[in-house]
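Okay, structure first, notes after.
The values are calculated or read from the model by the stated rules, or taken from the named source; none is laboratory data. Keep in mind the model is a prediction, meaning the values are calculated, not measured. Counting neighbours? That spans all protein chains shown, and the Cβs are built from the backbone with ideal geometry, glycine included.
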Amino acid sequence: MKKKEAINMLKKICWMIILGCILTFLSIPVIAQTQESATPPATAATRQPDPCGISTGNSSDVPAAKVGEPTMAEMVNAVGHNRVAINMMWTLIAGFLVMFMQPGFAMVETGFTRAKNVAHTMAMNFMIYPLGMLGFYICGFAFMFGGLGTIATLGGYGGLDHEVTLNLFGKEFGLFGAKGFFLSGSAYDIAVFALFLFQVVFMDTTATIPTGAMAERWKYLSFFIYGWFVGTVIYPIFGNWVWGGGWLAMLGKNLGLGHGHVDFAGSSVVHMTGGVIGLVGAWLLGPRDGKYNKDGSPNPILGHNIPMAIVGTFILAFGWFGFNAGSTLSGGDLRIGVVATNTMLASATGALAATLWMWIVRFKKPDPSMMCNGMLAGLVAITAPCAFVNSISASVIGLIAGVLVVEAALFIERKLRVDDPVGAIAVHGVNGAWGCLALGLFADGTYGEGWNGVTGTVKGLFYGDASQFLAQSIGITANFVYVGLISLIIFKLIDLVVGNRVDKETEMEGLDVPEMGVPGYSGVQLDKASETPISR
């Protein structure tokens, strides 16, 4: 009897367990649905449209932490770290692109010069990179950015905080920086190192421009010494005035002139500086032998390799995207799309305008060398205003640059009688100035909030701010005066010590073997009349 009761009890317990399991299984969807409706997820908040990308990615987008997950503070820190990492990666990649412009410059300049000077011209374009870089590393970077202040996009580091200033009318006007020598001390920081890499390749662009204007008669030892000075003194001081918080940048804050002298990526700081150095150097060297007749009329001296120059131009146009768009120093600044497209459009209209002007107005032929210089002129001109103008303005700026480079080159050759083998003065000097003035005319007020510490966006004369055009004019005048004078002093000192120009016999033979010890084209016989290869 007891055994039978125990078996029945066991059966009842088993059925109760089975029934409980069935009821539990059936209740799971109901419980889940109730919890879902009672506690909506944190990501369900409504987001407003964000066409500029300013609000996207803020800490409010990060959901609340659950048990065992990172806290809100930890996740916000991770978001901030990733932003800085993106900006730094963008800055470094852009710097690598700008460095790749160096072979572009070498090919353009070498293609536009004669075959007997190939090794010399290439060697100048090669060695200017290490020479200028080391000078910039030792003291040039400190002079230029030693008083920059906070490097906001690369993490907010503010160790570069010593600007030597001049006090006038109760206002401080910066002259040069005084921190960052040898990238040591307070400059030993990731943001400073990334900024140095990006800026040193800009300096290299400035430094290499005169090697084209002074090609085919410049003594290599003189060039070697010049390469040191351009990275230490010439480029950094003017660069500080515009990009390092110096007095030109403060024209708006101190004197109410727009946002001060604005140069987004270097029309004045980089290109006009190089063009003015080239103008002074080419003028002091004098023209190449045979360039001018007794009556002063010029003779054409043709380059030896147009295809090389054209390929070099395309390399430069490619690297220019790093030059201009990289100058945001921020991969999160979505204005880079406007900057890059404006850069492309100006290069196209510059090339087209120069080609048509040569073809229809000047010589009835579409000169390939001017096609190249027209594209480069458009790129130089858009470098300052690329972030502040719309696409129509960018196209117009390039068109004007394409015509301007032709007329400027002819004026420099025929009226000033300055011999510039590659047109560097017209391309970089003249159109660097035009680019800065174009910003003062066409800046449309859609970008640049707080630029140089001035409230509001950057606007040019055509959009209601005549004072911005005045600030741009002061900037290019200061560039011409300072860069011209310091270049004249340095070239004169070098000439007194080692001489600037090769002797006549070396020039006639070609600079490759006498100056460099090797010919540029080994085993190639040259036509002595044109100095071009005729056989192998």
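Among the residues of the range 142-153, none is identified as free of Cβ contacts under 8 Å to residues at least 24 places away in the same chain and part of a strand (DSSP E or B). The sole residue among Asp295, Asp289, Asp263 that is acidic (Asp, Glu) and buried (at least 20 other Cβ atoms within 10 Å of the Cβ) is Asp263. Take Met89 and decide whether it is within 18 Å of the chain's Cα centre (by Cα), under 21 Å from Ala340 (Cα atoms), surrounded by fewer than 18 Cβ atoms within 10 Å (Cβ to Cβ) and among the aliphatic types (A, V, I, L, M). In short, yes.
Per-residue answers, yes or no, for (1) surrounded by fewer than 24 Cβ atoms within 10 Å (Cβ to Cβ); (2) part of a helix (DSSP H, G or I):
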residue: Thr232; (1), (2): yes, yes
residue: Tyr235; (1), (2): no, yes
residue: Val242; (1), (2): no, yes
residue: Leu248; (1), (2): no, no
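Given the options Gly147, Gly104, name the one that is closer than 30 Å to Ala426 by Cα, surrounded by 15 or more Cβ atoms within 10 Å (Cβ to Cβ) and either touching a Cys at 6+ places or on another chain (Cβ under 9 Å) or not acidic (Asp, Glu) (or both). None of the other options fit; the residue is Gly104.
With respect to Ala340, determine if the residue is within 30 Å of Thr446 (Cα to Cα), assigned to a helix (DSSP H, G or I), under 15 Å from the mean Cα position of the chain (by Cα) and free of Cβ contacts under 8 Å to residues at least 24 places away in the same chain. Yes, satisfied. In the set Val430, Val406, Val389, which member is surrounded by 24 or more Cβ atoms within 10 Å (Cβ to Cβ), in contact with a Lys or Arg (Cβ under 9 Å, 6 or more places away or on another chain) and β-branched (Val, Ile, Thr)? Testing whether each residue is surrounded by 24 or more Cβ atoms within 10 Å (Cβ to Cβ), in contact with a Lys or Arg (Cβ under 9 Å, 6 or more places away or on another chain) and β-branched (Val, Ile, Thr) leaves just Val406.
Could you please let me know if Gly227 is closer than 30 Å to Phe388 by Cα and touching a helix residue (DSSP H, G or I) at 6+ places or on another chain (Cβ under 9 Å)? I'd like the intermediate steps shown before the answer.
Numbers: closer than 30 Å to Phe388 by Cα: no; touching a helix residue (DSSP H, G or I) at 6+ places or on another chain (Cβ under 9 Å): yes.
No; evaluated as a whole, the condition is false for this residue.
Looking across the range 183-230 at every residue that is touching a Leu at 6+ places or on another chain (Cβ under 8 Å) and not in a helix (DSSP H, G or I), the one that is nearest to Thr328 (Cα to Cα) is identified as Met214. The set of residues from the range 421-456 being free of Cβ contacts under 8 Å to residues at least 40 places away in the same chain and among the polar types (S, T, N, Q) comprises just one member, Thr455.
For the range 449-467, a residue qualifies if it is over 17 Å from Phe264 (Cβ atoms) and in a helix (DSSP H, G or I), and the qualifying residues are Leu461, Phe462, Ala466, Ser467. All of Asn324, Asn299 fail the test of being among the polar types (S, T, N, Q) and in contact with a Cys (Cβ under 8 Å, 6 or more places away or on another chain), apart from Asn324.
Scanning the range 496-510 for residues being closer than 27 Å to Gly231 by Cα and over 32 Å from the mean Cα position of the chain (by Cα) gives a total of 5.
Within the range 107-124, the set of residues being of a type in the set (S, T, N, Q) and in a helix (DSSP H, G or I) comprises Thr110, Asn117, Thr121. Only one of the numbered conditions (1) in contact (Cβ under 8 Å) with a residue 40 or more places away in the chain; (2) on the phi > 0 side of the Ramachandran plot is not met by Trp320, and that is (2).
Restricted to the range 154-174, and to residues that are hydrophobic (A, V, I, L, M, F, W, C) and in a loop (DSSP other than H, G, I, E, B), which residue is farthest from Gly252 (Cα to Cα)?
From the range 154-174, those hydrophobic (A, V, I, L, M, F, W, C) are 154, 160, 164, 166, 168-169, 173; that's our starting set.
Imposing the further condition that a residue be in a loop (DSSP other than H, G, I, E, B) reduces the set to 160, 169.
Values: Leu160: 22, Phe169: 15 Å.
Per the stated criteria, the residue is Leu160.
Close contacts from the range 251-275, counting a first residue that is of a type in the set (Lys, Arg) and a second that is buried (at least 24 other Cβ atoms within 10 Å of the Cβ) and not in a loop (DSSP other than H, G, I, E, B), with Cβ to Cβ under 7 Å and a gap of 6+ residues or different chains, come to Lys253/Gly260.
The number of residues in the range 145-184 being within 23 Å of the chain's Cα centre (by Cα) and hydroxyl-bearing (Ser, Thr, Tyr) comes to 3.
Take the conditions in contact with a Lys or Arg (Cβ under 9 Å, 6 or more places away or on another chain), modelled with pLDDT of 95 or more and within 20 Å of Phe202 (Cα to Cα) and apply them to Gly140. Does it pass?
On the way: in contact with a Lys or Arg (Cβ under 9 Å, 6 or more places away or on another chain): no; modelled with pLDDT of 95 or more: yes; within 20 Å of Phe202 (Cα to Cα): yes.
Criteria not met by Gly140.
Please determine whether any residue of the range 70-93 is over 22 Å from Phe224 (Cα atoms) and not in a helix (DSSP H, G or I). For the range 70-93, residues over 22 Å from Phe224 (Cα atoms) and not in a helix (DSSP H, G or I): present.
Taking each residue of the range 290-317 that is over 12 Å from Gly111 (Cβ atoms) and looking for partners that are polar (S, T, N, Q) and surrounded by 18 or more Cβ atoms within 10 Å (Cβ to Cβ) with beta-carbon atoms closer than 6 Å, six or more apart or interchain, yields Ala317/Ser347.
Restricting the first member to the range 181-203 and to residues that are of a type in the set (S, T, N, Q), and the second to residues that are at pLDDT 95 or above and surrounded by fewer than 24 Cβ atoms within 10 Å (Cβ to Cβ), the beta-carbon pairs closer than 7 Å and six or more apart or on different chains are Ser186/Lys179.
Report, by residue number, each residue of the range 354-381 that is buried (at least 24 other Cβ atoms within 10 Å of the Cβ) and either at positive phi or free of Cβ contacts under 8 Å to residues at least 60 places away in the same chain (or both). Lay out the reasoning, then the answer.
Initial filter on the range 354-381 (buried (at least 24 other Cβ atoms within 10 Å of the Cβ)): 354, 370, 372-381.
Passing the criteria: Ala354, Met370, Asn373, Gly374, Ala377, Gly378.
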